[in-house]
Structures are given as structure tokens and as C-alpha cells.
Amino acid sequence: MKEWPLWEVFIRSKNGQYHKHVGSVHATDAQMAIEHARDTYTRRNEGVSIWVVPSKYITASDPEDEDMLFEPAKDKVYRHPTFYKLPDDVKNI
Amino acid sequence: MEHTTSIDLEKRFEEKIARELKIEPKDWMPEEYRRMLIRQISQHAHSEVIGMLPEKNWLTRAPTLRRKMALLAKIQDEAGHGLYLYSAVETLGVSREQLYRDFLDGKAKYSNIFNYPALTWADIGVIGWLVDGAAIVNQVSLQRTSFGPYARAMVRICKEENFHQRQGYSICLTLARGSAEQRQMLQDAINRWWWPVLMMFGPPDAESKHSQKSMKWKIKRASNDTLRQKFIDQTVPQLEYLGMKAPDPHLKWNPERGHYDYGPIDWEEFWNVIRGKGPCNKERLRTKRVAYEEGQWVRDAAIAYAKEYN
Ligand SMILES: [Fe+2]
Ligand SMILES: [Fe+2]
């Protein structure tokens, strides 16, 4: 380790919300990463909880595969409620 | 899966730009787009970092504890802005450490404005009001930049900048309502900062060499002259409210254009400061270099500790 490794930072803005990616920090260990993330990303009540993950452990899908991965979802309109035309007389559905 | 040609990739990229879709780090992008982003975002990051220096000189001499706390918080924000931006530029596959070293070695540019000194307490007010004010106009427009991580950093930064500008204007107001001496000090600071602040938006559109490509790829969203005019239009009424004057005899409202007219900018001075002949160029870089060298043992110790105990 010559340079401080990179960590991705995720913040939960308040309880009830998911943690959301906000950016990254450099730190030598997890504790320092949390402290830097706190100073960098939560100076104004932006969060109640922080996750840090070494960036090298993130596996991302390839944008090249976008069509292969997500295109099939687009032609499955029958997965949406509006696909089913029901008589107006039927209520509460 | 069939092979995607570079022509396809380029077409898809241009389509995304045309449709106002953001480009994300792992998306294919032209090498020149990547280079332009690395240059612009890193220069922006260096500017945030060096921008702390003119203000920190006044931390120990702030007139009240409240002003001192506000200034300290503002300066800490600027460090944060630098970090958001280094984080954004790193997604393009460059090392933050390397970019920072280039900056310390004088190989990278940063905003010219920080090569001017903050001579009096009034300068701190004027920096917050005018320098951060100009930065806001630029950064609000960059919230719509085409590269996702840069746009997101801009949104975060803009949320914090309003505090910077308002604390600055509040200092100016106090001085404007003070003694004749205080008003004179304020006017003097405005006189010194006015023109350099107008230069922050960069050379006139006709002479700006990077602008066209940058606008085409939507890295930049408004031209230098457009942003400069916008800043002037919103600032002059604030100036008048203070009962102060701009050091520009040509500054006046033009009802036909619906904008303020302003006098010629001395671009010779701008280019001189860029070439290193500003009042503080050497001192600013020297300060950052010394800080980096003196902090080396801390960086080393942190690594040694992590190896030992993790
Ligand atoms: Fe800033
Ligand atoms: Fe600021």
C-alpha cells in the first residue's frame, strides 16, 4: 500500500430510507473511511448512517450489456397493471 | 454477442448527448471527451483547494467569534468541494494522487482569482459575496453538465455555496452600515476584486479555444460571456444596495438589451496572472507544497498503522 485505497461511500439520509451512493474517499482502513466520509459527505445533517466499501470489491455490470440485461423487461407490458383493461363498473381494483 | 464497432459506440454516445442523457463513468466516451473532463474537473478541484488560502489568513483575525465560526465552516466546505471533485474525476480512471502532484508541481491550472491577496477584513466579505457569487453562476449552469459524477458534485456544491455568498454579503452589509473608514475599506476591496472576478468566467467567447467542443458535448452549458453578463446583472443591484460603486465608468443599465453594459476587461492582466505573474501565484503553490511535505509523515504513519493492525 503506497497510496491510501479508495472506498465507496453510501449514506442513509434518515431511517426508513435506503443507503444511497454519494461518492468516494481515500482511507487506510474502514474506521478512517467512515470518519472521512462523515467529514466529507455529512456536514449538514445529510445522514444518520454510513456504509463504506473498498471500491475494488464493487462489481458493476458492463454498460455494453445494457440491452442484453434490461431490454427484455421492456416488452413485458403484461407485468404492469395498466395492461389489463377492466370494465369501469368494477371498482376498487 | 455481436461485436460493436467504434462507429456504433460514437453514434450511441452522440445520441445520448443529444437526448440530454448523462454519460456515466463506465460508458464508452471519445478519448477527447475524457481528456476535456479530466482537465476541467481537476482544475475545478484544485481551485477549491487553493481557494482556502486567501481566506484562512483571516481566520485568526476575524472580528467576532460568530464570524470566525462561519468563515471556518466555509473554508471546510471548500475542502469538501475539492474532495467531491477529486472523487468525480477519479471515476475517469486517473489517480487523485497523480493529479494532485501535477498541481503541486505547477503543471495544472487553477482559477486565477486565488492568485490575488486578501488584504483587509473587507476582502473576506467581498470574496464570499463576489468570488463565491461568480462561482455559483458558473456552477449552477454546470449542474446540467453531461457527465454524471460532475453534475452530481455540482448539485451538492451549489447547495452549500449560498451560505458562502450570504455570509460574505452579511460582512459587506455590516461594513456598509459602519463608519466612514469601514465604508472606505469596503469600497477599496470592491475596487480591487471587481475586475478579477469578471475574469473568472474566462476569455470572451470569440477567443475561448476550448469552448466550442465543450459546448457541443454539453460539458459546458453556457458561454463565458453569457455567464459573465448574468453575474453582472444580478450583482449590480446588490452593489447599489450597499451604497458602493463598481470601478467601471461604463457600467450602466441598457433598457434595449435588458442587461447592464460594462467596460472593456483588461485581458492582458488575465493572461499575465495565468502565466504566473499574479501577486500570489508563487506563494500559493509554495504553501500547498509545504503542507503536503509536512504532512508526509502522517500519510506514512496511517499506512504503517493499517498494515500493523488490520
Ligand atoms: Fe466551493
Ligand atoms: Fe464557496
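Just flag the trypsin sites (Lys or Arg not before Pro) in the stretch A:9-53 sitting in loop per DSSP whose Cβ has no more than 16 other Cβ atoms within 10 Å.
Sparse-neighbourhood loop trypsin sites (Lys or Arg not before Pro): A:LYS14, A:ARG43, A:ARG44.
How far is helix B:148-176 tilted, in degrees, relative to the longest principal axis of the Cα atoms in chain B, given as a value from 0 to 90 rounded to the nearest 10?
The angle comes out near 10 degrees.
Looking at the protein assembly as shown, send over the antiparallel percent of its DSSP beta bridges, to the nearest 5.
For the protein assembly as shown, the DSSP antiparallel bridge percentage is about 95.
Among the trypsin sites (Lys or Arg not before Pro) within the stretch B:106-172, which fall in a DSSP loop and have no more than 11 other Cβ atoms within 10 Å of their own Cβ?
Sparse-neighbourhood loop trypsin sites (Lys or Arg not before Pro): B:LYS107.
If the convex hull of the alpha-carbon atoms of the protein assembly as shown is projected onto planes in all directions, what is the mean projected area in square nanometres?
In nm², the orientation-averaged hull projection of the protein assembly as shown is 28.3.
Toward the positive end of the charge dipole of the stretch B:227-310, about the Cα centre and with charges on Cβ (Lys, Arg +1; Asp, Glu -1), which of B:PRO249, B:THR235, B:ALA291 goes farthest?
B:ALA291
Strictly over 21 Å apart at the Cα level, which of B:LYS22/B:LYS220; A:LYS74/B:LYS216; B:LYS56/B:LYS288; B:LYS220/B:LYS277; B:LYS109/B:LYS209 would you flag in this model?
A:LYS74/B:LYS216; B:LYS220/B:LYS277
Counting each pair of different Cα atoms once, what's the Kirkwood radius of the stretch A:6-60 in Å, rounded to one decimal?
Its Kirkwood hydrodynamic radius stands at 11.1 Å.
Picking from B:PHE147, B:ASN112, B:GLY128, whose Cα lies most toward the positive end of the charge dipole for the stretch B:87-154 (charges on Cβ: Lys, Arg +1; Asp, Glu -1)?
Among B:PHE147, B:ASN112, B:GLY128, the one farthest towards the positive end of the dipole of the stretch B:87-154 is B:PHE147.
Let me confirm one metric for peptide B:296-309, namely the mean number of other chain beta-carbon atoms within 10 Å of its residues' beta-carbons.
Mean shielding count: 3.
Using alpha carbon coordinates only, what is the Rg to Rh ratio of chain A, with Rh defined as the Kirkwood radius?
Computed over Cα atoms, the ratio is 1.24.
Between rounded, prolate and oblate, where does chain B land on the alpha carbon gyration tensor, with a ≥ b ≥ c its root eigenvalues, rounded for a/c under 1.5, else prolate if a/b exceeds b/c?
In terms of gyration-tensor shape, oblate.
What do you get for the angle between helix B:296-309 and the principal long axis of chain B? Use alpha-carbon atoms, 0 to 90 degrees, nearest ten.
Approximately 50 degrees, to the nearest 10.
Taking Cα atoms, how many degrees apart are the long axis of helix A:30-41 and the longest axis of chain A, rounded to 10 and kept between 0 and 90?
That works out to roughly 70 degrees.
Of the GluC sites (Glu not before Pro) in the stretch B:1-45, which ones lie in a loop per DSSP and count no more than 12 other C-beta atoms within 10 Å?
Sites meeting the loop and neighbour criteria: B:GLU2, B:GLU20.
What percent does the relative contact order of chain B come to when contacts are Cα pairs within less than 8 Å and at least six residues apart?
Value for chain B: 19 percent.
Let me make sure I get this right: for the stretch B:59-106, a, b and c are the square roots of the gyration tensor eigenvalues over alpha carbons, sorted descending. Under 1.5 in a/c it's rounded, otherwise prolate if a/b > b/c, else oblate. Which is it?
Oblate, because a/c is 1.5 or more while a/b does not exceed b/c.
Mind checking the dipole of chain A: about its Cα centre, +1 per Lys or Arg Cβ, -1 per Asp or Glu Cβ, Debye to the nearest 20?
My answer is approximately 560 debye.
Can you give me the convex hull volume of the Cα atoms of the stretch B:219-273, divided per residue and expressed in Å³?
123 Å³
Mind putting a number on the dipole of chain B about its Cα centre? Charges go on the C-beta only, +1 for Lys and Arg and -1 for Asp and Glu, and I need it in Debye to the nearest 20.
Roughly 380 debye for chain B.
What is the dipole size for the stretch B:214-310, taken about its Cα centre, with +1 at each Lys and Arg Cβ and -1 at each Asp and Glu Cβ, in debye to the nearest 20?
440 debye
Readers should treat all values here as calculations from the given coordinates under stated rules, not as data from a laboratory. Just so you know, these numbers come straight off a predicted model, no measurement behind them. Neighbour counts run over all protein chains shown; Cβ positions are idealised from the backbone, glycine included.
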